[in-house]
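Below is one structure, written out as structure tokens; the observations come after it.
The values are calculated or read from the model by the stated rules, or taken from the named source; none is laboratory data. Quick caveat, the model's predicted, so the values are computed rather than measured. Neighbour counts run over all protein chains shown; Cβ positions are idealised from the backbone, glycine included. Keep in mind that these areas ignore ligands, DNA and RNA; they rest on the heavy atoms of the full protein, side chains included. Shrake-Rupley method; radii C 1.70, N 1.55, O 1.52, S 1.80 Å.
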Amino acid sequence: MDMQTNLLDRLFDAGLLIDTGVDGLYGRSGAFEDVIARFEALIARHAPEATAEVIRFPPGMNRAHFEGSGYMKSFPQLAGTVHSFCGCELDHVNLLQCMAEGDDWTGKQEATDVVLTPAACYPLYPTIAKRGPLPEGGGLFDLQSYCFRHEPSKDPARMQLFRMREFVRIGTPDDVMAFRSDWMERGSKLIAAVGLDVELDTANDPFFGRAGKMLGNNQRDQKLKFELLIPVTSATAKTACLSFNYHQDHFGQTWGLKTANGETAHTACVGFGLERIALALFARHGLDTADWPEPVRKALWG
Amino acid sequence: MATADTIRTILAQHGKLPVDAATLGEDSDLYAAGLSSFASVQLMLAIEEEFDIEFPENLLNRKTFSTIATIVEVVTELSKDQQAA
């Protein structure tokens, strides 16, 4: 934890991240944002997915789609819902009184139709399913969104609101597996190009509870998730900066996604944790980008 | 006591299989028969309740729930151990 707090304090002192008083909720400086923008441009140069359909959803998604996704079965502890005041004038007076007295004022807050997006691809599947069967060859999508996960931490690499860039492939099992294995190779090269050490390993999602332990073990046994681990706050306990996920027909079944010949579609995605990658770069090359090694600067700024 | 038939009954109730559990042999691969990851969790929880046992973490994996015969074997062992304790 010391190393994590140490890096976080150094990032605050350098003005790269801005403290808001809530762990995992930070402002970003222009220099920090520039690194993310340059890295995203580098992703674009490495991606042969020029044909990917670009879609940008806001960081909130339709609550009905969130409910249908099954997210609460697996990660109830991470979800964030948006609530708003829905009371009458008297309720408003009471609310202000509670606030003034430091009491709980949230009792009359009611769930809206918006849930904070937990992963960039969650709003995609119902959107594509609504279009009907996929065209011949399936679909390929380029997404980026702020995502929310309720896990306050002093570890700067575990933010509550962070950006995820994703490519998602929807199609036959062969198509989506080929996509994932291509990206595992490409992702490692991309990270090596910016001077970071990489290690590819099987992984599992942080499913909730004892049932979650079993889901996690199943995920590992079936090699459904791989992560690219990079040192951020520690050389030994590395941080997952990219993940490569094969969902089998989970989202295909959930949303009724069909291939051109009417079979249930399979899906896979590659996700880049953009803040984590930026943090890994700052941790490795220093807090002033002007001092970064020439090959790294060239890869990012040209 | 766990027998192939009691496990088959629980499987029929909680396994959400696309096939009739009665047609499954003791060594049939349940995943090949359509047992999903989520359904295997429900199966696990139902078995714990039925036999008043708790699967230790090292057995919460695909292999434990791969066939009726394996489940019977594991449940029989756990029942012995956990009653003795």
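Scanning the stretch A:255-291 for residues that are open to solvent by less than 10 Å² (accessible area, probe 1.4 Å) and either more than 27 Å from A:Pro48 (Cα to Cα) or of a type in the set (D, E, K, R) (or both) yields A:Glu275, A:Phe282. Here the strands (runs of 3 or more DSSP E) wholly within the stretch A:76-177 that include at least 3 residues being among the charged types (D, E, K, R) are A:161-171. When A:Val168 is tested against the conditions (1) under 25 Å from A:Glu33 (Cβ atoms); (2) of a type in the set (Val, Ile, Thr); (3) open to solvent by 60 Å² or more (accessible area, probe 1.4 Å), the lone failure is (3). When the residues of the stretch B:20-36 are filtered to those that are free of Cβ contacts under 8 Å to residues at least 24 places away in the same chain and surrounded by 13 or more Cβ atoms within 10 Å (Cβ to Cβ), the one that is nearest to the other protein chains (Cβ to nearest Cβ) is B:Ser36.
Inspect all residues belonging to the stretch A:53-70 and state whether any of them is among the β-branched types (Val, Ile, Thr), in a strand (DSSP E or B) and over 24 Å from A:Ala178 (Cα atoms).
Within the stretch A:53-70, the subset among the β-branched types (Val, Ile, Thr) is A:54-55.
Within this subset, residues satisfying the condition of being in a strand (DSSP E or B) are A:54-55.
When the remaining residues are screened for being over 24 Å from A:Ala178 (Cα atoms), the result is none.
No, because not a single residue in the stretch A:53-70 is among the β-branched types (Val, Ile, Thr), in a strand (DSSP E or B) and over 24 Å from A:Ala178 (Cα atoms).
Please determine whether any residue of the stretch A:76-86 is among the aromatic types (Phe, Trp, Tyr), touching a residue at least 24 places away in the same chain (Cβ under 8 Å) and crowded, with 18+ Cβ neighbours inside 10 Å. Scanning the stretch A:76-86 turns up no residue that is among the aromatic types (Phe, Trp, Tyr), touching a residue at least 24 places away in the same chain (Cβ under 8 Å) and crowded, with 18+ Cβ neighbours inside 10 Å. Among the residues making up the stretch B:59-85, those that are of a type in the set (S, T, N, Q) and either open to solvent by less than 90 Å² (accessible area, probe 1.4 Å) or touching a His at 6+ places or on another chain (Cβ under 6 Å) (or both) are B:Asn61, B:Thr64, B:Ser66, B:Thr67, B:Thr70, B:Thr76, B:Ser79, B:Gln82. Any residue that is within 14 Å of chain B (Cβ to nearest Cβ), in a helix (DSSP H, G or I) and either crowded, with 22+ Cβ neighbours inside 10 Å or modelled with pLDDT under 95 (or both) - is there at least one of those in the stretch A:221-229? Yes, the conditions are met somewhere in the stretch A:221-229. In this structure, does A:Asp155 turn out to be in the same structural domain as A:Pro48 (by TED's automatic domain parsing), closer than 26 Å to A:Ile18 by Cβ and not hydroxyl-bearing (Ser, Thr, Tyr)? When the stated conditions are applied, A:Asp155 passes them.
Among the residues of the stretch B:37-58, the ones that are within 9 Å of chain A (Cβ to nearest Cβ) and crowded, with 16+ Cβ neighbours inside 10 Å come to 7 in all. Looking across the stretch A:245-302 at every residue that is of a type in the set (D, E, K, R) and assigned to a loop (DSSP other than H, G, I, E, B), the one that is farthest from A:Ala203 (Cα to Cα) is identified as A:Asp288.
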